[in-house]
Structures are given as C-alpha cells and as structure tokens.
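Read the figures in this text as sums done on the coordinates, not as results from a lab. Model, not experiment: these values are computed from the prediction. Here the Cβ positions follow ideal geometry from the backbone for every residue, glycine too, while neighbour counts run over all protein chains shown.
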Amino acid sequence: MLLTGGLAADDGLRACVEEAVVKAKIKNVEIRSHEDSVYAGSLGAALWGGYRAERLRQREVSRSGRRRASGRRLGAPGGPPPGVLHAPGLPGALTLRGIRRPVKRLKNQPMSQRPSIYSAAMNGRNQAQKGSAAASDANGGACLRPPASAPPSSTPPDYDWNEIARNAPTISPNAEFLDETLRDGLQNPSVVDPPIEKKLELLHIMNDLGIAVANIGLPGSNQRAFDDCLILCKEVARHNMPIKISAAGRTVVADLKPMVELSQRAGIPIEAYTFVGCSPIRAIAEAWDLERIKKLSIAAVDVGVKNGLETTFVTEDTTRSRPEVLGELFKCVLDHGVAGLCLCDTVGHATHDGVANLIQFTRSLMASLGHKARIDWHGHNDRGLALTNAIYALEVGADRVHGTALGIGERVGNAPMELMLFNLKMLGLLENYDLSRLAEYCEKSADAMGWTVPPSYPFVGTDSDQVHINALYTAASPKSEPTPDPRAVQNL
Ligand SMILES: [Zn+2]
C-alpha cells in the first residue's frame with residue numbers, strides 16, 4: 001500500500017509506484033491518497049497512481065514474456081485489478097447541486113484573512129527559507145512556522161519523492177494561463193452572473209496574479225454581455241493593465257463583429273476565440289458536414305484576422321474528433337492566418353495519453369504545413385482529471401492552458417486556476433508570479449458567483465489549513481542536500 005499525505009505530485013507517485021511494481025515486484029498496489037490532496041485531489045492522485053501502476057505492470061509483463069498484457073486494462077474484466085483505487089471524500093467537483101451546505105467559514109472570517117499560510121506563503125517562501133519561524137499575516141494569525149509534528153532538527157528531513165529525476169523545469173518559462181471564469185465559469189448552471197463591479201474586481205485580481213489573458217465572455221450573445229465586455233475592456237485601457245483580453249463566439253460572422261467593435265471602442269487589442277464543434281456526434285446532432293464547417297470557420301476567421309484581431313480557432317470536443325477532420329480544418333484556418341489553435345476536452349474525456357497524443361499530433365501537423373501557431377489546452381473535469389491534464393498539457397508542449405477560479409465551469413467545471421498556479425509555484429516554476437492575492441481570488445470569485453466552497457476543497461476549503469501548513473513547510477524548507485536516489489540507499 002502506498003500512502004500519500006496529500007503532497008504527492010505525479011513525479012512522486014510515479015517514483016513510489018515504480019519502486020513497488022518494478023523493483024519489489026509487487027503485483028497489486030493500493031494507493032491511498034489523502035482527501036485534502038494538495039496536488040490533484042484524492043481522486044486525481046489515486047487515478048494517476050493507478051494508471052502509472054498499470055503502465056509499469058504492462059511493461060514488466062511484456063519484458064519478461066511470461067504473459068501478454070492485453071485484457072488487463074485498469075478495471076477491465078479478465079483479471080484482478082492492478083491497483084485498488086481508494087479516494088475518500090471525492091472533493092470539490094462532486095458536490096451535488098441543490099444540496100450544498102451553506103457557507104460556514106472559519107470564525108466567520110473571509111478566506112483571504114483566515115489563519116492560512118497562503119497569503120503569506122505565496123510571497124513568503126523566501127522568508128521561510130531564511131528560517132523565519134513566524135511570518136504572520138496582516139491579521140496576526142498566519143504563522144509560517146513548522147507544524148507541531150515537525151521533526152526535531154537532529155532527525156533527517158522528510159524524503160521528497162517528487163524531486164527524484166526532476167532536474168529541470170517541466171514547463172516552458174513562456175507558458176501562459178487564460179482565465180475562463182467570466183466565460184466558461186458563468187456557464188455553470190448553479191452560478192449567478194455577477195454585477196459588473198464584481199467582474200471588474202476579479203479582472204484586477206487576475207491581472208495582479210500575473211494571469212496572461214482573461215476571457216471576458218460572449219459579447220455577441222446579448223446586449224448585457226456586450227455592455228459588460230465593453231466596460232471591462234475600457235477598464236484595461238484606463239489602467240493600462242498588462243493582462244490581455246479575449247472574447248468568445250461561434251464561427252459565425254455575427255459573433256465576430258462585436259469583438260471587432262469592442263476593440264475599436266475600447267482602443268485595446270482583443271483576442272478572438274471562435275469555436276466550432278467537429279466531433280462526429282456533434283456533426284450528427286447539428287446535421288453538419290465538413291464542407292459546411294470549413295466554410296463557416298473560414299468566414300469567421302477572416303473577419304477576425306482582417307480586422308486585426310489575434311484569432312484563435314477553437315475546436316469543441318477535439319478529444320473525440322477524427323484526425324483527418326482536425327487536419328483539414330486546421331490547415332484551412334492556418335492558411336487564413338489564425339494565431340492559435342485551441343484544443344478542447346469539452347466533455348472531460350481525455351486521459352494523459354489523450355492530452356499528449358493530441359498536442360503532438362497538432363504540433364507535427366503544423367510543422368509539416370510550415371505553420372507555427374500557439375497551442376491552447378482547454379479541459380473539463382468530468383473525470384476529475386482537469387487539473388492534472390492541464391499541468392500535463394504544459395509539460396508536453398501546450399503554450400497556454402485555460403482554467404477558472406475554483407474550477408467553476410460548465411457542468412462539473414474546468415481546471416482550477418488557483419490549484420494550477422499554486423502547484424506550479426510550489427514546484428518552483430512560476431518564480432515571477434506574485435500569488436499573494438490567490439486566496440482572495442477564490443473568495444471573491446465564490447462571492448461574485450454565489451458559489452459555496454466545499455470544506456474539503458484543496459487550498460481554500462475550511463478544513464484544509466493544517467494540511468497546507470505542513471505542505472508549505474515541507475516545500476519551503478531549505479534542502480541542505482539533494483534528494484538521494486533510492487537505488488543508492490538499496491546498496492547500503
Ligand atoms: Zn469549456
């Protein structure tokens with residue numbers, strides 16, 4: 001049995017699983033992931049570990065030649081499961097609509113002011129490294145100190161399985177984040193569309209967090225949406241904010257024209273995300289054929305490009321679309337000047353392999369066509385994999401990933417932006433990001449949209465503090481020596 005205390009990232013789980021499956025030849029590995037798992041939530045971490053275990057087992061089987069690996073996929077009939085998935089709690093995404101508990105915040109304090117380490121943590125990591133034992137926040141409550149259970153200094157530090165063979169940054173320093181809270185987030189059926197004042201406040205927080213792009217909505221959908229978008233664009237112009245603005249619309253000319261108008265009236269560039277469904281199931285539902293989709297797409301892209309908008313072509317349900325269809329559509333729109341291709345896991349279908357295969361396919365296709373466009377990853381959380389898929393997308397070559405505050409989005413939502421930023425920061429990959437407003441980002445988003453944060457939600461749930469104090473302490477403690485390779489220990 002492998003126990004994760006809620007701190008395991010995929011590298012750590014992989015290393016543990018490899019030890020058990022490859023070295024110790026254990027056939028059945030049970031992974032128990034703490035329900036407050038920082039990295040992926042217990043479900044994501046356990047699934048990821050189980051997935052790795054199965055891959056490793058298959059490799060071992062094929063190497064030894066003792067038996068074929070087929071028919072032994074995870075959970076498939078025909079043999080005992082290779083891993084027992086144990087995911088207590090099922091946090092966050094599985095909250096049932098309509099029976100959420102009312103908000104019960106610790107001591108009635110807003111999340112950003114609770115005795116949490118985060119407001120101090122995100123810009124206080126250096127303080128911890130200097131040995132500060134009590135970096136209090138403005139309320140005097142947040143202490144960046146070793147947890148009560150921290151080992152005395154004479155004992156060796158915790159072993160960090162995350163760090164084995166992680167010798168270099170795993171994502172490009174130019175990777176970008178696009179915040180979909182004000183577009184996809186508002187398509188969740190349980191939220192309220194916030195008043196413009198709250199949208200403006202969220203936009204400023206996104207800007208302060210270093211988020212590259214904010215999608216502000218569908219300006220072609222109705223007059224109120226357009227008016228809100230215009231106010232947000234003018235705010236960016238007035239404050240000369242570095243955050244870039246994008247808006248979404250269907251691949252119809254009528255949805256692109258309002259974006260052109262926004263850009264002209266506010267005097268700022270707008271990135272146009274124009275979307276079309278191209279999976280077989282969507283084509284049947286809409287009675288579309290490929291020629292019609294191509295015609296619509298080209299017409300819409302032409303409006304954006306010819307009016308100077310940086311235009312991204314969005315294929316809904318990309319992860320279930322046929323490669324020959326994608327190839328033909330991508331070639332068309334690349335020839336017509338799109339700046340980006342947005343690959344969507346619209347129904348939350350993709351596994352990590354799906355993410356890697358699709359990104360590699362797209363990159364290879366562009367190379368063969370002599371085009372170079374940005375690749376976006378936009379994933380949903382129906383399998384609970386949105387967070388890990390988004391981080392993995394960055395690792396395998398996506399240039400920009402999408403997320404929303406608290407993962408709020410259509411159905412069960414998107415990749416949670418705050419957990420992406422938090423985890424990548426803790427891995428030392430977002431050095432130039434100041435995340436001191438990250439908890440406030442969650443709090444203000446929940447408040448604006450009438451959302452209840454489950455107590456067990458990672459990072460800002462009311463039950464998460466102790467876990468995260470431990471997490472921060474572990475991650476921020478100076479490491480006197482690099483994590484030794486376990487193979488060296490075996491030889492002792
Ligand atoms: Zn979406």
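Things to note:
- Amide H contacts of E410 (H built 1.01 Å from N, in plane; Pro and chain starts excluded): Q187, N188 sit under 5 Å, all sequence-distant by 5 or more or on other chains.
- Relative to the current alpha-carbon distance between T452 and E328, full extension at 0.36 nm per residue lengthens the span by 40.3 nm.
- Table column - 3J(HN,Hα) (Hz), the stretch 346-363, Karplus curve with 6.51, -1.76, 1.60, x for Gly and Pro: 4, 9, x, 8, 6, 9, 4, 4, x, 4, 5, 4, 5, 5, 5, 4, 5, 5
- Sequence ranges 250-257, 437-444, ranked by mean other-Cβ count within 10 angstrom, highest first: 437-444, 250-257
- Gain on full stretching of the segment that runs from D335 to W288 - 0.36 nm per residue minus C-alpha separation: 14.7 nm
- Between S246 and A214, N215, I216, E271, the built amide H atoms are under 5 Å apart, and every one of these is 5 or more places off in sequence or on another chain.
- Protection-proxy order for peptides 353-359, 273-279, each taking the mean of Cβ atoms within 10 Å per residue, highest first: 273-279, 353-359
- Around the amide H of C342, modelled in the peptide plane, lie the amide H atoms of F313, V314, T315, D376, all under 5 Å away and 5 or more residues distant in sequence or on another chain.
- For the stretch 171-177, 3J(HN,Hα) per residue [Karplus equation, 6.51 cos²θ - 1.76 cosθ + 1.60, θ = phi - 60°, Hz, x = Gly/Pro]: 10, 5, x, 9, 4, 10, 10
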